[in-house]
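Working notes, beginning with the structure itself.
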Amino acid sequence: MSRASGLVDGGLWFRLEEASAVSAVRRAAQDVGAEVGLDEGRLGGLAIVATELASNLVKHADEGRLLVRPVRSGEVAGVELLAVDSGPGMGDVTASTRDGHSTAGTLGIGLGAIARQAGWLDLSSVSGRGTVTVAQIWPGPAPGPATVAAVSRPMSGEEVCGDGYATRTADGRTQVLVCDGLGHGPLAAAATAAVVQGFRAAPAGPPAVVVEHVHRSVRHTRGAAIAVAQFDEGQVRYAGLGNIAGFLVDDATRRGLVSLPGIAGHQRRVVREFSYPIAPGALLVMHSDGVVDRWNVDDYPGLRGRSPQVIAATVLRDAGTRRDDACVLVARA
């Protein structure tokens, strides 16, 4: 038996360079909140969080961007706001979340207000490298922290992203997918949508079986690179076609995972599945070829212990290329 769970749609990215963009972020967040059924009180809190995050990017950040998207846990839906910038960072994150702390002559109430209104908040900041902040607003108490999260964005000049991701539970085991529709734009996005649909509809089985099913189900598209991973009692089982990168990251090593050449829907050799031992708390990181693989989570103090959303957004910010769609998925064993 299998069921879809956990992850979210791609959402909407905003570039925060001028104060006029703040109101657009707030309206978009409230629209998503209304769509997922937040009441007036939660919508008011969401508006505060969206305004403060966006205002902080305009006032303090370099290359500030903010993602607004729905987030789901089981049958419950909320709104997630993900703010990313490239500097200057915060030297003292704890102090920055206290009311009255300011580095720019402002009232210094932004992060304190966000912390009070958000059902769940996580952030990472490194001086000179930037800050990633994720806040969620739910209709009731926030669910427990996610063990899997992903972030994607289109290449510069495109409105839709041809890279995608999904997760599901099959026979009690978590399976995750990352895919890269060939090319860019609407046709690549359509290929990725078909891959995600095929993944969610696949019969319960190990990654190789799922990849075979997806391959057969997307022959009407231009095709995609895909990889599927499954957590299974102290190991990760992994199968891929094409250039989706996969890594296992623990305290000592970063191990690459094997994908075979091919294009799901068009060209493939025999799909092979590989198994890798994994320690509790280790990270699985998967990404499309819009992300170069010269990243290292240990370059960011404390990042390994942050949420998958923050880790994925940090890797995307610093290793993603603007001339290609990009997607990063992070899962914690």
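Annotations
- For region 232-333, the share of accessible area belonging to carbon and sulfur comes to 47 percent (1.4 Å probe, ligands and nucleic acids excluded).
- Applying the criteria of a DSSP loop state and at most 14 other Cβ atoms within 10 Å to the GluC sites (Glu not before Pro) of region 203-288 yields Glu233.
- Length released on extending from Ser156 to Asp251, taking residue separation times 0.36 nm less the Cα-Cα span: 30.7 nm
- Figure note: His184, His287, His220 ranked by solvent-accessible area, largest first, 1.4 Å probe, ligands and nucleic acids not counted: His220, His184, His287.
- Sites Thr169 and Asp293 - FRET efficiency at Förster radius 25 Å, r taken between beta-carbons, to 0.05: 0.30
- Placing Asp325, Asp299 in order of accessible area, with the largest value first and a 1.4 Å probe, yields Asp299, Asp325.
- Virtual spin-label span in nm between Leu187 and Glu63, 7 Å along Cα→Cβ: 3.0
- Counting only Cα atoms, region 119-190 measures 45, 39, 24 Å along its principal axes, largest extent leading.
- For the pair Ala142 and Arg27, a Förster radius of 25 Å applied to the C-beta separation gives a FRET efficiency near 0.60, rounded to the nearest 0.05.
- Under 12 Å from the Ser20 label point (7 Å along Cα→beta-carbon), backbone N, region 51-90: none
- Along the chain, longest interval not containing exposed trypsin sites (Lys or Arg not before Pro), exposed being DSSP loop plus at most 15 other Cβ atoms within 10 Å: 99-218
- Paramagnetic label reach from Val258 (point 7 Å along Cα→Cβ; backbone nitrogen cut-off under 16 Å): within region 270-302, residues 270-277.
- Near-label residues of region 31-45 by backbone N, under 17 Å of a point 7 Å along Cα→Cβ of Arg116: 41-45
- Solvent exposure of the chain as accessible area per residue, Å², 1.4 Å probe: 42
- If the segment from Val76 to His220 were pulled out straight at 0.36 nm per residue, it would be longer than the present Cα-Cα gap by 48.5 nm.
- Principal-axis tilt of helix 20-35 within the chain, Cα atoms, nearest 10 degrees: 60
- Computed over the chain with a Gaussian network model linking Cα atoms closer than 10 Å, the most mobile of Val211, Val71, Val310 is Val71.
- Surrounding net charge for Tyr238, when Lys and Arg each add one and Asp and Glu each subtract one, Cβ distance under 14 Å: +2
- Accessible surface of Ser156 - all protein chains present, 1.4 Å probe, nearest 10 Å²: 70
- P(r), alpha carbons of region 176-315 - 10 Å bins starting at zero, rounded %: 12, 41, 33, 13, 1
- By accessible area with a 1.4 Å probe, ligands and nucleic acids excluded, highest first: order of Trp295, Trp13: Trp13, Trp295
- Where labels lie 7 Å past Cα in the beta-carbon direction, separation of Leu43 and Ser127 in nm: 4.4
- For Arg268, net neighbour charge (Lys/Arg +1, Asp/Glu -1) across residues whose Cβ lies under 14 Å away: +2
The values are calculated or read from the model by the stated rules, or taken from the named source; none is laboratory data. These numbers were taken from a predicted model, which means no experiment stands behind them. Positions of Cβ are generated from backbone atoms using ideal geometry, with glycine treated the same way; all protein chains shown enter the neighbour counts. Surface areas here come from the heavy atoms of the whole protein model, side chains and all, with no ligands, DNA or RNA. Shrake-Rupley method; radii C 1.70, N 1.55, O 1.52, S 1.80 Å.
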